[in-house]
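Here the structure comes first, spelled out in structure tokens, and everything after it is commentary.
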Amino acid sequence: MAALDEQAGLARIREIRRAIAVFIGLLVVWWIVEFITYSGRTGVDAFDFVAVPILAIGGWLVFQAWRARCPRCGNQFFINRSLALGCHFSSECPYCGINLKQAREAAG
């Protein structure tokens, strides 16, 4: 039963990582479109109104990543205070070393 809980926890962490990667990609695309279509002008356009939901979604994803706990050791998976930014995006827990890719292969 513990192995199933561990796999479910790791699957959730993989979902969060995937969502953050997609969000960053879409944010870059949004910024490029904003820059190309609105560079050098003043005022507000339709793309500026899209910034509010984008920031809200980004904040929600950061909150989900902050809450994510390693199913093996119980520590925060994405938080590592010894790093300059205080967080990481790797596929390995900085505390117990469980790897998301190895755990997926072991389950399959």
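Throughout, read-outs are computed from the coordinates displayed, never taken from laboratory work. The model shown is predicted, which means the values in this text are computed figures rather than measured ones. Neighbour counts run over all protein chains shown; Cβ positions are idealised from the backbone, glycine included.
Data table
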read-out	value
Exposure proxy ranking, count of Cβ atoms within 10 Å, fewest first, for Arg67, Arg17	Arg67, Arg17
3J(HN,Hα) from dihedral phi, the stretch 23-29, Karplus parametrisation 6.51/-1.76/1.60, rounded to Hz, x for glycine, proline	4, 4, x, 5, 5, 5, 4
Per-residue ³J(HN,Hα) for the stretch 12-19, Karplus 6.51 cos²θ - 1.76 cosθ + 1.60, θ = phi - 60°, Hz, x for Gly and Pro	5, 5, 4, 4, 5, 4, 5, 5
Mean separation of Cα contacts under 8 Å (6+ apart) over length of the chain, as relative contact order %	28
From phi via Karplus (6.51, -1.76, 1.60), per-residue ³J(HN,Hα) for the stretch 56-61 in Hz, x at Gly/Pro	5, 5, x, x, 5, 5
Within the chain, helix-based [θ] at 222 nm, where runs of 4 or more DSSP H residues each add -39,500 (n - 2.57), nearest 500	-21500 deg cm²/dmol
Long-range HN-HN contacts of Asn75 with modeled amide H, under 5 Å	Cys70
Which of Phe77, Phe89 has the fewest Cβ neighbours within 10 Å, and the rest in rising order	Phe89, Phe77
Listed candidates (1) 15.3, 50; (2) 17.8, 59; (3) 13.3, 41 - label of the one calculated as Rg and Dmax of the Cα atoms in Å	(2)
Förster radius 35 Å - calculated FRET efficiency between Asp5 and Trp66 (Cβ-Cβ, nearest 0.05)	0.95
Most mobile listed residue (Ala65, Ala51, Ala84) in the chain, GNM with C-alpha springs under 10 Å	Ala84
Amide H contacts of Cys87 (H built 1.01 Å from N, under 5 Å, at least 5 apart or other chain)	Asn80
Cα→Cβ-extended label distance, 7 Å offset, between Glu92 and Val50, nm	3.8
Sequence of Ser91, Ser82 once ranked by neighbouring C-beta atoms within 10 Å, starting from the fewest	Ser82, Ser91
Cα lying deepest toward the dipole's positive end in the stretch 2-107, options Gly9, Gly59, Gly86, charges on Cβ	Gly9
